[in-house]
Amino acid sequence: MEFKKSQKLYKKGLKHLVGAVNSPVRAFSSVGGNPLFIKKAKGSKITDVDGNTFVDLVLSYEPMILGHRHKKVQKAIDKALKNGYTFGASTENEIKLAKIVCDAFPGMDKVRFVNSGTEAVLSGIRLARAFTGKDKIIKFAGCYHGHQDALLVAAGSGLATLSLPGSKGVPEGAVRNTLIAKYNDLESVKAHFEEHDDIAGVILEPIAGNMGVVIPQNDFLKELKTYLESKGALLIVDEVMTGFRSKFGGAQELLGVEADITCLGKVVGGGFPVGAYGARNEIMQEVAPLGGMYQAGTLSGNPIAMAGGIATLTELKKQNPYEKFNEIAQIIEVFLLEKAKKHGVEITVNRFGSMINPFFTNVTVTNFEEAQTSDTKKFATFFWEMMHNGVFLPPSQFEAWFLSSALTEKDIQKIAKAIDKGMEAVAKM
Ligand SMILES: *Cc1c(COP(=O)(O)O)cnc(C)c1O
């Protein structure tokens with residue numbers, strides 16, 4: 001397998017693009033080599049500029065849950081494009097997508113569409129502060145909530161891959177109101193409440209996906225919610241990654257909790273730039289033009305993006321692929337564990353619904369510290385062997401692999417074979 005054209009474009013890209021990428025997670029910093037340049041994708045497969053075709057487990061870092069260019073989505077977008085691109089005024093499709101989203105999340109009476117997950121979360125945080133009149137927010141180490149200043153501390157995959165502690169350019173003042181707790185550790189949350197009386201809320205990924213997949217243990221979420229209620233603080237659930245991934249709606253529902261504020265992105269736009277935040281009426285009442293919390297967007301609710309979102313979610317609901325996702329993830333887990341054992345490689349596999357990944361470590365991974373015990377060099381070797389055997393993975397130990405409903409029996413066999421080769425290569429290191 002050759003990557004000559006990608007290499008050529010990479011060199012060309014370096015001149016006017018930073019690292020030849022527009023998001024650092026696309027750089028191959030921790031696995032070595034050059035980032036891939038993509039030409040096209042269809043269904044479960046993605047093809048690079050050299051003509052190499054891979055089974056795609058990146059899915060643009062999650063959104064392409066139906067696979068690429070599903071014909072119903074394509075048709076909806078083609079149709080929307082004929083009417084214009086953006087109007088700076090409302091369209092009926094915004095109402096339609098809002099209904100689909102609110103119906104899927106029990107705790108959501110109203111929703112506001114924005115342009116990215118980052119925007120959804122920064123607005124959700126502002127809303128929590130507006131509603132409670134308090135300033136402090138607790139986040140968990142290893143959870144990523146977009147690149148806004150206030151939450152760019154202990155923020156998981158992108159930073160962990162590049163070994164950055166936080167980010168340059170974030171003023172101390174911007175994170176003064178951010179408190180860090182340990183995932184799956186309620187005591188670490190309580191400790192903050194004992195020290196501070198101005199905590200607006202706690203934000204978390206219900207299933208963490210940005211330190212690799214990490215699952216809440218026992219009743220962590222339920223106990224957290226009960227505790228927050230007793231303190232008059234809000235639970236802000238960042239479902240940018242998990243929304244519509246494990247059920248039609250949120251992971252919070254599967255885990256038996258209801259968020260006060262929910263943030264969405266990725267799948268909700270079906271591959272177009274859409275984010276959303278929503279809550280019950282009492283809270284959404286604070287948002288302008290109804291209330292005093294200002295938040296706006298020139299392209300928010302963009303008609304093409306709304307058409308993509310509606311078509312994706314409508315088809316997703318019809319397909320209801322969630323049971324199938326579980327089955328495929330379980331099959332992949334078995335492959336990983338069996339092949340690792342066969343070649344004498346120590347791994348831990350975490351999965352939830354259609355998110356799964358192995359950690360090259362012998363410890364159970366329930367938080368960021370444990371995730372970081374992984375051997376990233378082993379991952380790099382594994383990654384390249386998977387690529388050479390036709391499976392496109394995120395180039396980081398600390399990212400989840402995502403399943404699409406377009407995966408075929410043949411794709412799964414290809415994944416199995418690649419895993420065998422991958423583990424063999426790791427064993428030879
Ligand atoms: C991807 C992600 C974000 C940020 O979304 P962008 O669209 O990249 O800005 C926020 N939170 C979580 C949990 C995410 O996975």
Residues located in region 24-53, provided they are assigned to a loop (DSSP other than H, G, I, E, B) and on the phi > 0 side of the Ramachandran plot
Gly32, Gly33, Gly51
Taking Glu253 as the residue in question, decide whether it is in contact (Cβ under 8 Å) with a residue 12 or more places away in the chain, touching a Lys or Arg at 6+ places or on another chain (Cβ under 9 Å) and among the charged types (D, E, K, R).
yes
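With Thr312, Thr262 as the choices, which residue is touching a residue at least 24 places away in the same chain (Cβ under 8 Å), buried (at least 24 other Cβ atoms within 10 Å of the Cβ) and more than 29 Å from Tyr183 (Cα to Cα)?
Checking each option against the conditions leaves just Thr312.
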Looking at Tyr227, Tyr277, which is the one that is of a type outside the set (A, V, I, L, M, F, W, C), away from the ligand (no atom under 16 Å from the Cβ) and farther than 22 Å from Lys324 by Cα?
Tyr227
Would you pick out the residues in region 393-406 that are more than 17 Å from the chain's Cα centre (by Cα) and surrounded by 24 or more Cβ atoms within 10 Å (Cβ to Cβ)?
none
Among the numbered criteria (1) within 16 Å of the ligand (Cβ to nearest atom); (2) of a type in the set (Gly, Ala, Ser); (3) modelled with pLDDT of 95 or more, which single criterion is violated by Ala141?
(3)
Could you list, in sequence order, all residues of region 346-373 that are assigned to a loop (DSSP other than H, G, I, E, B), within 20 Å of Val334 (Cβ to Cβ) and of a type in the set (Ser, Thr, Tyr)?
Ser354, Thr361, Thr364
On the basis of being over 30 Å from Ser167 (Cα atoms), in contact with a helix residue (DSSP H, G or I) (Cβ under 6 Å, 6 or more places away or on another chain), hydrophobic (A, V, I, L, M, F, W, C) and in a helix (DSSP H, G or I), does Ile95 make the cut?
no
Every pair of residues 6+ apart whose Cβ atoms lie under 8 Å, when the first sits in region 104-126 and is of a type in the set (Asp, Glu) while the second is in a loop (DSSP other than H, G, I, E, B) and more than 10 Å from the ligand (Cβ to nearest atom)
Asp109/Arg280; Glu119/Gly297
If you scan region 188-211, which residues turn out to be in a strand (DSSP E or B), more than 10 Å from the chain's Cα centre (by Cα) and within 16 Å of the ligand (Cβ to nearest atom)?
Gly201, Val202, Ile203, Leu204
Which numbered condition Pro303 fails, given (1) over 23 Å from Glu119 (Cβ atoms); (2) more than 16 Å from the ligand (Cβ to nearest atom):
(1)
Selected residue [closer than 18 Å to Leu97 by Cα, of a type in the set (Phe, Trp, Tyr), assigned to a loop (DSSP other than H, G, I, E, B) and more than 13 Å from the ligand (Cβ to nearest atom)] from Phe248, Phe272
Phe248
What do you reckon, is Thr118 over 20 Å from Gly275 (Cα atoms) and either out of contact with any helix residue (DSSP H, G or I) (no Cβ under 7 Å at 6 or more places or on another chain) or modelled with pLDDT of 95 or more (or both)?
no
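The values are calculated or read from the model by the stated rules, or taken from the named source; none is laboratory data. Here the structure is a predicted model, which is why all the values come from computation and not from measurement. For neighbour counting, all protein chains shown are included, and Cβ atoms are generated from backbone atoms with ideal geometry for every residue, glycine included.
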